[in-house]
1. Does the range 19-75 hold any residues that are under 22 Å from R92 (Cα atoms), more than 16 Å from the chain's Cα centre (by Cα) and without any contact (Cβ under 8 Å) to a residue 24 or more places away in the chain, and which are they?
2. Name every residue in the range 111-143 that is of a type in the set (A, V, I, L, M, F, W, C), surrounded by 13 or more Cβ atoms within 10 Å (Cβ to Cβ), assigned to a helix (DSSP H, G or I) and out of contact with any strand residue (DSSP E or B) (no Cβ under 6 Å at 6 or more places or on another chain), in order of residue number.
3. Would you point out which residue out of E27, E97 is modelled with pLDDT under 95 and of a type in the set (D, E, K, R)?
4. With the requirement that a residue be within 12 Å of F5 (Cα to Cα) and in contact with a strand residue (DSSP E or B) (Cβ under 6 Å, 6 or more places away or on another chain), what does the range 53-65 give you?
5. Taking the condition of being among the aliphatic types (A, V, I, L, M) and without any contact (Cβ under 8 Å) to a residue 40 or more places away in the chain, how many residues in the range 88-109 meet it?
6. For the range 90-110, which residues satisfy the criterion of being exposed (fewer than 13 other Cβ atoms within 10 Å of the Cβ) and either at positive phi or among the polar types (S, T, N, Q) (or both)?
7. Being part of a loop (DSSP other than H, G, I, E, B) and either among the hydrophobic types (A, V, I, L, M, F, W, C) or under 12 Å from G64 (Cα atoms) (or both) is the filter here, so list the residues in the range 85-108 that pass it.
Amino acid sequence: MIRDFRPEDQSAVRQLILDGLRERWGEAYSPAFNPDLDDIHANYLDQGAEVVVIDDGAEILATGILLREQNQRGRIVRMSVDSRHRQRGLGRQVIEELVDRAKRQGMHELVVLADTPWTSAVALYRACGFRELASDETDTHFAMHL
């Protein structure tokens, strides 16, 4: 079930995102690099962002955040799908929900940044209709006209 983030989701969503970052960056990764995750409500919801989660009634399986930027642009950040539940369309569901919310808010463009070496994330954004704007060995920038 896809739904809005609730305060009681804080710990699980933080851990889900940190687990994904640790998977990407290895054991040298430190949660201290991402203090915004210590209080998702204050750092995102109180700033006007939309935070969604997918849960199965027992645990959070996926999450993503929609930020509003200037000039009616939105940005997707903090996308994460539990590694045990990938390849089931959950990432696509989160992206489609955030795209719908961006449209309802009157945004005209949605952007996202993916780590180029994380090929599954790059492929997901392409498959969801984002067009590649720029890419190097580190980052791939995407946009979608809404």
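1. Matches in the range 19-75: A58 only.
2. Step one: list which residues in the range 111-143 are of a type in the set (A, V, I, L, M, F, W, C), which gives 111-114, 118, 121-124, 127-128, 130, 133-134, 142-143.
Adding the requirement that they be surrounded by 13 or more Cβ atoms within 10 Å (Cβ to Cβ) leaves 111-114, 118, 121-122, 124, 128, 130, 142-143.
Of the ones still in play, those that are also assigned to a helix (DSSP H, G or I) are 121-122, 124.
Result: L124, single match.
3. Working: E97 fails: modelled with pLDDT under 95.
The match here is E27.
4. Listed by number, the residues that qualify are V53, I54, I60, A62, T63, G64, I65.
5. Of all residues in the range 88-109, those among the aliphatic types (A, V, I, L, M) come to 90, 94-95, 98-99, 102, 107.
Still in the running and without any contact (Cβ under 8 Å) to a residue 40 or more places away in the chain: 90, 95, 107.
Within the range 88-109, residues that are among the aliphatic types (A, V, I, L, M) and without any contact (Cβ under 8 Å) to a residue 40 or more places away in the chain number 3.
6. Of everything in the range 90-110, just one residue is exposed (fewer than 13 other Cβ atoms within 10 Å of the Cβ) and either at positive phi or among the polar types (S, T, N, Q) (or both), namely G106.
7. Of the range 85-108, the ones part of a loop (DSSP other than H, G, I, E, B) are 86-89, 105-108.
Correct list: M107 only.
Let's see how each residue does on (1) within 19 Å of D139 (Cα to Cα); (2) surrounded by 19 or more Cβ atoms within 10 Å (Cβ to Cβ):
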residue	(1), (2)
P7	no, no
R24	yes, no
S30	no, no
F33	yes, no
L45	no, no
G48	no, no
T63	no, yes
R78	yes, yes
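The values are calculated or read from the model by the stated rules, or taken from the named source; none is laboratory data. In this text, all values refer to a predicted model and were calculated from it rather than measured experimentally. Quick reminder, even Gly has a Cβ in these numbers, built from the backbone with ideal geometry, and neighbours come from all protein chains shown.
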